[in-house]
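Sharing a structure, written as structure tokens. Questions coming.
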Amino acid sequence: MDVYFNHDGGVDDLVSLLLLLQMEDVNLIGVGVIGADSYVEPAVSASQKIISRFGHKRHEALTVSQSDSRGKNPFPIKWRMDAFSIDALPILNEYSNQIKISNNNAVDDLINKLSAADNPVTLLFTGPLTDLARAIQKVPSITEHIDQLLWMGGSFGETGNVDEPSHDGSAEWNVFWDPEAFKTVLHTTYPIRLVGLESTIQVPLTSEVRTNWALNRRYPAIDFIGQGYALVPPLVHLPNNSTYYLWDVLTTCSLIDSSLVDVTTIKADVVTTGISQGKTFITSNGRDLSLVSSVINPDIFFKTITNLAKLAP
Ligand code: AGV
Ligand code: CA
């Protein structure tokens, strides 16, 4: 399966990149990084180092492209800072980085890779859809090369996860950052599969999960995962605005293992303005989408992470 990955530099975005590199059935044709839930420079740099340190021979020629996209509703600075810490972890700085930055920005890199593709490409997005929306607007014919879009975004349950002034809390952050981008993507026809908050709520970061990574830290990639998630707060008693879930990692693992999740089909749309901007909702006039409705067995999901990470060099 040919895969193009666009992420936004959060802890679980960068762990997703590491895991994607271990998937033998995935032919990773490009990586784009957008400075949404991160500052883009350290997020690009950390991505280069992760590919260099934990990638395989087949990844040697991979480049990382930097996005110049800006969102309507910026992420909290506190969360965006994590990319600097990950980029500075000793485990990523022991050996020199061998992976280059693309000469093209993330929009043009996506356009070029799709235009040149021999086979239909699966898009994996774990941040806002801005780069995809801009690429489609610039060169509409690239959609012919898209096999499907798998996206961590949206919420079809009671609430979202945005806790900001002038908003009612109904949106999920990756949609809220750029609601128009999702609207643009909804006007296309290739299959879209969403992983939203109704399923990711089943896979919070917990101290039990952390202990398991600690016990396996003799594997360098699992040590890295433990170090990365040490930057973010776990679920202890009640969830709050900063509680961390494995949103993007669930999305990434469901790419190769559809038995991890249950999927339903819905028709959906998005609110682009006002106090509910970024809210996704079901409506009979909406676009056909597949929605990951639940995680079948969270223990098996966490086991999948360690099994994949054990394959890393
Ligand atoms: O809304 C989930 C998305 C995912 O792509 N991101 C984090 C994941 O990378 C935004 C986000 C929501 N709550 C957060 C987030 C939190 N408490 N800390 C950092 N990022
Ligand atoms: Ca993300």
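The values are calculated or read from the model by the stated rules, or taken from the named source; none is laboratory data. Being a predicted model, the structure only gives us computed values, none of them experimental. Note: ideal-geometry Cβ built from the backbone for every residue, glycine included; neighbour counts use all protein chains shown. Keep in mind that these areas ignore ligands, DNA and RNA; they rest on the heavy atoms of the full protein, side chains included. Shrake-Rupley method; radii C 1.70, N 1.55, O 1.52, S 1.80 Å.
Please give the number of the condition Leu62 fails out of (1) among the hydrophobic types (A, V, I, L, M, F, W, C); (2) open to solvent by 10 Å² or more (accessible area, probe 1.4 Å); (3) more than 18 Å from Leu20 (Cα to Cα).
Going through (1) among the hydrophobic types (A, V, I, L, M, F, W, C); (2) open to solvent by 10 Å² or more (accessible area, probe 1.4 Å); (3) more than 18 Å from Leu20 (Cα to Cα) one by one, Leu62 breaks only (3).
I would also like to ask the following. In this structure, does Leu255 turn out to be more than 29 Å from Ile77 (Cβ to Cβ), within 15 Å of ligand 1 (Cβ to nearest atom) and touching a Leu at 6+ places or on another chain (Cβ under 9 Å)?
In short, yes.
Another question, if that's okay. Scan the range 233-275 for residues that are part of a loop (DSSP other than H, G, I, E, B) and within 26 Å of Ser207 (Cα to Cα) and report the count.
Within the range 233-275, residues that are part of a loop (DSSP other than H, G, I, E, B) and within 26 Å of Ser207 (Cα to Cα) number 14.
While we're looking at this one, here's another question. Give me a count of the residues in the range 170-191 that are in contact with a Gly (Cβ under 7 Å, 6 or more places away or on another chain), of a type in the set (A, V, I, L, M) and assigned to a helix (DSSP H, G or I).
Qualifying residue count for the region: 1.
Of all residues in the range 274-313, which are open to solvent by 70 Å² or more (accessible area, probe 1.4 Å), basic (Lys, Arg) and touching a strand residue (DSSP E or B) at 6+ places or on another chain (Cβ under 9 Å)?
Lys279
Could you look through the range 82-102, keep only residues that are without any contact (Cβ under 8 Å) to a residue 60 or more places away in the chain and assigned to a helix (DSSP H, G or I), and pick out the one that is nearest to ligand 1 (Cβ to nearest atom)?
Phe84
Go through the range 36-59 and give me each residue that's within 14 Å of ligand 2 (Cβ to nearest atom) and open to solvent by less than 10 Å² (accessible area, probe 1.4 Å).
Residues satisfying the conditions are Ala36, Ser38, Ala43, Ala46, Ser47.
Which residues, counting only those in the range 1-24, are open to solvent by 10 Å² or more (accessible area, probe 1.4 Å) and over 19 Å from Ile222 (Cβ atoms)?
Met1, Asp2 - these are the residues of the range 1-24 that are open to solvent by 10 Å² or more (accessible area, probe 1.4 Å) and over 19 Å from Ile222 (Cβ atoms).
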